[in-house]
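**Q** What follows is a structure written as structure tokens; I'll ask about it next.
Quick note: the coordinates plus some simple rules give every number you see, no bench work behind them. Since this is a predicted model, take the numbers as computed values, not measurements. Note that we place each Cβ from the backbone using ideal geometry, even for glycine, and neighbour counts take in every protein chain shown.
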Amino acid sequence: MKKPSSKIREEIARLQDQLKAAETREAERIGRIALKAGIGETEIEEAALLSAFEELAGRFRAGNGKSTGKKNAGAARSASDATATLAPGAAQGGDSEA
């Protein structure tokens, strides 16, 4: 039996609410992690920060940056490697919303 359009609309609205809640949880989680890493204190343009996050996400999607879940698990990397991604944006300065 087919669902009436009103039921479908109700289901869509419910799913949109669930999506919004899930996105909020994810954003809060990533925001907390970024603040712990010191990103909040870094003056970087939003576009540069987005690019750095996309690069990071790509590393994890490709399986090259598998996390052990341990703090400082990437200690084999030098400090300059860790900041190299953010350096160009930090040098640009400007207003940031991050």
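**Q** Peptides 46-53, 23-30: what's the order by average Cβ count within 10 Å, highest mean first?
**A** Final packing ranking: 46-53, 23-30.
**Q** Can you work out ³J(HN,Hα) from phi for every residue in region 49-63, in order, using Karplus 6.51 cos²θ - 1.76 cosθ + 1.60 and θ = phi - 60°, giving whole Hz and x for Gly and Pro?
**A** So the Karplus estimates, Gly and Pro as x, are 5, 4, 4, 5, 5, 5, 5, 4, 4, x, 4, 6, 5, 6, x Hz.
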